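Chemist: Quick one: structure below, then a few questions.
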Amino acid sequence: MKCGIVDVGSNTIRLSIYYWEGDQIKLLLNKKEMVGLAGYIKDGVLLDTGISAACRVLSKFRALLDNVEIPDLYVFGTAPLRNIVNTEEALKTIQTATGLSVEVLSGAEEAALSFRGAASGGGSSAGLLADIGGGSTELVSYREGRIMTECSLPVGSLSLFTNHVEGLFPTSAERRAMRDRVQAELDKAQLAGIRMKSLTGVGGSIRAAAKLCNHLSGADPDNLIVPAPELRSLYKALKKGDRDTLRLILQVVPDRVHTLLPGLVILNVLLKTCGVEVVTVSTRGVREGYLLERVAAPAASR
C-alpha cells in the first residue's frame, strides 16, 4: 500500500511518501518546505500568519498526493503545535482550510516514535538516540533494543536561535547562554548520569553536521558514522562565524545557515555529558516510526 506522512515541525514541514507492506517500508519520495513555524509563535500563541503558512504547505502536499492518486495522507505535529496555548484553534483552522486533521504528538510519543523508526533501520543494541528538531530535542536511552528512559527537552535548533541569537551567527556570550540552557534542561530531565559510547542521531541538524564533517574530511558524502571528536572540531571551526564559515555552510547545507550552530550546541552538550564517542546518523526517524505504529500496526490487527 502507499501513503503519505507529513511531519509539521518547528523548522520544516516534511512529506514522505511510502510503499509499505506489514513491517516492510520503502521511501518513494521525500519533500520538505522550510516554514519556520517557531518564528510565528509570540507569547505562546501561534499567529494567524503561521497557521496560514502551514495551511498553504499542507494544501500543496494534499494536491500532490491527489495528482499521483494516493488517497491516504496522515499528518502529525510536534513542538510548534503542542507547545502553544491555541493548539485547538490552530487545528480547527487547519482542518477547515485543508480538510486534514493533525495529530499532535506529546514529547514522550515523539521520542518513542523516533526510536521505533530509527530502530527499524538497524543499528547498535545499546546507546542513546537524539532527535534534534527545531523546537524540541527527544532523547531515548536503550539497551538490548529496548527503551530504558525517554524524554523531550523543550529546546531545539530554531528555538535556541530565536531566543538567544541577535545576528546570523551567535556571539561567545550567546553560545554560552545556549549551552547553559541546554545543560539546565538536561539536568532537569535527570539525564546527566547516563553514559553511552554511541549515539544515534535523528533530524536535520545532525544530518547537516555529518554532511559538513564528511565534506571537510574528504569522506564519502553518504558516510553515516562520525567520531565525536570530528563533531567537536566542526563546532570549534564554525563558531568563528566569519565569511569563510558562511561560505562553507551555504555551499554544503544552505538551508541550515542560521540553525546549524545552535543544533551543534545541543549535540556537543550531549556528547560531553553522556560520554559519547561515535555518532551514527539514522536514515529513519519519527515519520517511519509513525507509519509503523500508527498506520501499519492498526491495519495488521484488523
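Chemist: I need the phi-derived Karplus couplings for the stretch 133-149: 6.51 cos²θ - 1.76 cosθ + 1.60, θ = phi - 60°, integer Hz, Gly and Pro marked x.
Modeler: x, x, x, 7, 10, 9, 10, 9, 9, 8, 9, 6, x, 10, 5, 9, 9
Chemist: How tilted is helix 243-252 with respect to the longest principal axis of the chain? Cα atoms for both, answer in degrees (0 to 90, nearest 10).
Modeler: 40
Chemist: Out of (1) 42, 37, 21; (2) 29, 23, 19; (3) 34, 22, 16, which label holds the value of semi-axes √(5λ) of the Cα gyration tensor in Å that was computed here?
Modeler: Matching the structure shown: (2).
Chemist: Arranged from highest to lowest average of other beta-carbon atoms within 10 Å per residue, in what order do the peptides 167-180, 213-226 appear?
Modeler: Details: 167-180: 15.6, 213-226: 13.9.
Descending packing order for the listed peptides: 167-180, 213-226.
Chemist: Which residue, LEU64, LEU292, LEU270, tops the fluctuation ranking in a GNM of the chain built on C-alpha contacts under 10 Å?
Modeler: Highest fluctuation among the options: LEU64.
Chemist: How much of the accessible area of the chain, in percent, comes from carbon and sulfur atoms when a 1.4 Å probe is used? Mind dumping the intermediate values first?
Modeler: On the way: 6900 of 13720 Å².
Of the solvent-accessible surface of the chain, carbon and sulfur hold 50 percent.
Chemist: For a quick check, take a GNM of the chain with Cα springs below 10 Å and name the residue from THR149, THR200, THR49 with the largest mean-square fluctuation.
Modeler: It is THR49.
Chemist: Using label points projected 7 Å from each Cα along Cα→Cβ, tell me how many nm separate ASP187 and ARG146, to one decimal.
Modeler: 3.3
Chemist: Report the FRET efficiency, 1/(1 + (r/R0)^6), for THR49 and ASN223, where r is their Cβ-Cβ distance and R0 is 51 Å, rounded to 0.05. The partial results should precede the final answer.
Modeler: Numbers: r = 40 Å, r/R0 = 0.78.
Rounded to the nearest 0.05, the efficiency is 0.80.
Chemist: What accessible area per residue, rounded to a whole number of Å², is obtained for the stretch 192-302 using a probe radius of 1.4 Å? Intermediate values should be presented prior to the final figure.
Modeler: Values: 4950 Å² over 111 residues.
Normalised by residue count, the accessible surface of the stretch 192-302 is 45 Å².
Chemist: Counting Lys +1, Arg +1, Asp -1, Glu -1, what net charge surrounds ALA108 among other residues with beta carbon under 10 Å of its beta carbon? Show your work: numbers first, answer last.
Modeler: Values: positive: none; negative: GLU109, GLU110, GLU138, GLU150.
Net of charged neighbours comes to -4.
Chemist: Probe 1.4 Å, all protein chains in place: accessible area of THR12 in Å², nearest 10?
Modeler: My reading of the accessible area for THR12 is about 20 Å².
Chemist: Expressed as an acute angle from 0 to 90° and rounded to the nearest 10, what is the orientation of the C-alpha long axis of helix 107-119 relative to the principal long axis of the chain?
Modeler: The two axes meet at around 90 degrees.
The values are calculated or read from the model by the stated rules, or taken from the named source; none is laboratory data. What you see is a predicted model; the values in this text were computed from it and never measured. With ideal geometry, Cβ positions are generated from the backbone for all residues, glycine too; neighbour counts draw on all protein chains shown. All accessible areas refer to the heavy atoms of the entire protein, side chains included, with ligands and DNA or RNA removed. Shrake-Rupley method; radii C 1.70, N 1.55, O 1.52, S 1.80 Å.
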